[in-house]
Structures are given as C-alpha cells and as structure tokens.
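A quick write-up on the structure given underneath.
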Amino acid sequence: PGAGRVLDALMGAATDGRPLDIAADDSGDAVAAAAIILSLASRLGIPAAGPSDGLFGAAPPIDPLRVEIGPRGVAIPDISGAPLLVPRRGLSISGTALAVVAAAARAGAIDYPSDFVAFDLETTGRDPWADEILEIGAVKYIGRTEAGTHSTFVRPSGPVPEEIVGMTGIDDGMVRDAPPPSEAVRGFMEFCGGLPLVAHNAPFDVAFLRRQAALRLGTRAGTAAEDTLPLSRWLYPEAPGHRLGDMARLLGVPIESWHRAAHDARTAGRIYLALTDRGAGELRALRVLECLDLAALGTIASGLALDGENEILVKRGMKAMTMGFRLAGCSRAPRMERPPPPRGVAEMLLSLDDRLKRRAALHALAGVVTRS
C-alpha cells in the first residue's frame, strides 16, 4: 500500500510537469535508492531539476515534488504534512525503492511507449569521448505506425578512418559538405519533438548524442532511450546472438542495408515493435530487473544481514549486473569525468545522465563496499 501511495504522488508529478527534488542521506544504500527513484521518474516522464524539455531545455517553473530517502524508507510529504511512506521493515532502503518500481510495473505505468523515435548513428569509432558522429538516421512511430523519417550526414573534424569507410561505405566526399555536429544534432532533436528514443544497444548511441550536445551546444542531454538489446536477451535467452542482424533474422524483420543509419534505425524500430508485441506483460518484469544492479549494491552497502529478501536482491542483482549488462571490466570507468573532492560516490551514482556513467559509478561503489 505504501508503494502504491508513493507511486500515485509520482504519477501526479508526471501529470503536472513537476520536477523531482530528492533528499537522501549519505549512505551507499540511500544513494542507490535515490538512483532507483530517479530512474523511475525518468520512465514516468517527470522532469529533472535541470534540463528536461526533450533532450534540451529548462525545467518548468513549478514547485518540485520532494522525495526524502533515509533510514525510515522512501517518503513524500503530502499537503497535510503527513508523509506518504514506504517503510523499510528489514529490507534495504534500495530494496524499498525497488518496491515502488515494482508497483509502477504492476500498474502498467511504465509500459513500453507506442509513440517513439527509433534512431541509429554511424560514427568514426566506438569512443564517444574521442570519436565523432558521421550519420544520424531516425524513424518516427506514432501509435506503433511509421510516421516520418530523418537522415543526415554529419561533417567530422578530420578524414573518415579507412576501417569505417570499409564498414559503412561513408567516405570523405559524402560528408565534406554535411552540416556540422551542432546543426545535425539540433535538427535530429527537432525531428524527435520530445518523443522517447529507441535504439539497439542504446547506451552507445545515446553516449555519442550526449557528448556532442555538451561539446557543440553547451547543453546537457537528459533523456533515456529504450534499448532493444536487453529486451531481446530477456525474451530470447537461448538465441545464438543478439546483435541487430541476429534479431532481425530471428524475428523475420526485413533487412534493407547494414551500417547505414537510416536503415539500421528502421530495423531497430521494427525489432522493438516485434519484441514488445511478443513480450507484452512479460516485459513489465524487465522494468524491475533494470534496477536490480543498483538495489544489489545498495543492499550490500546497507550493512544489513544478507538473508531473506535482501539475499535475493543481492544474488539476482549482482548476476544481472555482471552478466546481463556486461558490466565486468567496464571500459568506460577510467574515462569518467570524476567530480572533484569532496564529491564522491554518492554524486556519481546520482548523476544518471547516461548509463555508461552510471555503470562506472557502480564500479566505484563496488570498490568502496569491498574495502569496507
């Protein structure tokens, strides 16, 4: 019941366009719980305290919804001053926050969107910190029906690497007169119009978008994207492969061309439709599993006995983190823009502007837990 009441308050904030204001104590458990609530807020479309209009823009001037996270659990003070509370009752604080996510999944509040933009990028390499976008392709779906397309080359700062030319067919002549990154990214976001994004292996593409938005436009990109890769792993665990081509062949999705952004975007959109048709209610469980890694690390950091529900959270969450999301040996951890002292693990985890940074922050928390 407590989780349902907190969910109702969050849903009200989503309807009113109220941003979220989270106050958490400085324990690892509370920090993980705050990250889970922030992730849920993003799914519900609740604006962040900063940029929130699609990928760019300022939050509306509306009083924020206050969420307090600490030893008692997850609380939202209501108008009368009596808090709506999800109490801990022996469960870790992050496990308590996960109960709110589970309530949202059961209520269908975070089902997969039917209006979205499937997109794909071709790039000069695989490192969003050092490489650049070469091409952006996108297909808009309204009511699960294709409603428009967008495609543009992007002019890089140097020659296209030979390996990329061989893979994509995009050469220097094709991008010489293309728009610069700032214009291309801005045009893409205007096409999206604030709709949710969909991609296959979404963290890769979103990391490039966010990096370019920060470098070229001086703005912070804050929208998450639905990722068809974990959807395919969840629904087809025995499939021989889960790359875009593997899933297209398995699902009978037509393949137009490889390694060109517009074609790959359309393929990703069709795979997303096929997976969400196939999974329906079953995929609601994945919404909860997406936060299990955070719940596991928060539970470890709580210092509580790892038995009962807490034991389940840790066992299942660590498995999801190291296997389902390929966290082991996270290559991005050394590249994180680490906050200066005295900021630390808490601020890293609370900065959920991209999944790569979040996973790297989890590595940092895991190290702290191991040493304690």
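The values are calculated or read from the model by the stated rules, or taken from the named source; none is laboratory data. Please read these numbers as outputs of a predicted model, since none were measured by experiment. Positions of Cβ are generated from backbone atoms using ideal geometry, with glycine treated the same way; all protein chains shown enter the neighbour counts. Ligands, DNA and RNA are excluded from the accessible area calculation, which covers all protein heavy atoms including side chains. Shrake-Rupley method; radii C 1.70, N 1.55, O 1.52, S 1.80 Å.
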Legend entry - Flag if A274 is hydrophobic (A, V, I, L, M, F, W, C), over 20 Å from the mean Cα position of the chain (by Cα) and modelled with pLDDT of 90 or more: yes
Legend entry - Residues that are assigned to a helix (DSSP H, G or I) and hydroxyl-bearing (S, T, Y), drawn from segment 1-35: T15
Legend entry - Selection from segment 85-142 of residues that are among the polar types (S, T, N, Q) and within 20 Å of the chain's Cα centre (by Cα): S94, S114
Inset, instruction - State which residue is farthest from R316 (Cα to Cα) when the search covers only segment 70-85 and only residues that are open to solvent by 10 Å² or more (accessible area, probe 1.4 Å) and touching a strand residue (DSSP E or B) at 6+ places or on another chain (Cβ under 6 Å). - result: D78
Inset, instruction - Go through segment 204-218 and give me each residue that's closer than 16 Å to A265 by Cβ and not β-branched (V, I, T). - result: F204, D205, F208, L209
Inset, instruction - Mind listing whichever residues of segment 138-157 are surrounded by fewer than 16 Cβ atoms within 10 Å (Cβ to Cβ) and of a type in the set (V, I, T)? - result: I142, T145, T149
Inset, instruction - Could you check, for segment 129-146, whether at least one of its residues is under 30 Å from L215 (Cβ atoms), part of a loop (DSSP other than H, G, I, E, B) and modelled with pLDDT of 90 or more? - result: yes
Legend entry - Residues of segment 104-120 that turn out to be open to solvent by 10 Å² or more (accessible area, probe 1.4 Å) and touching a strand residue (DSSP E or B) at 6+ places or on another chain (Cβ under 9 Å), as a count: 5
Inset, instruction - Answer yes or no: is there a residue in segment 256-263 that is at pLDDT 90 or above, under 27 Å from D111 (Cβ atoms) and not polar (S, T, N, Q). - result: no
Legend entry - Criterion: more than 30 Å from A248 (Cα to Cα), of a type in the set (G, A, S) and modelled with pLDDT under 90 - qualifying residue of A301, A285, A280: A301
Legend entry - Test: residue in segment 261-284 that is within 28 Å of S92 (Cα to Cα) and open to solvent by less than 50 Å² (accessible area, probe 1.4 Å): yes
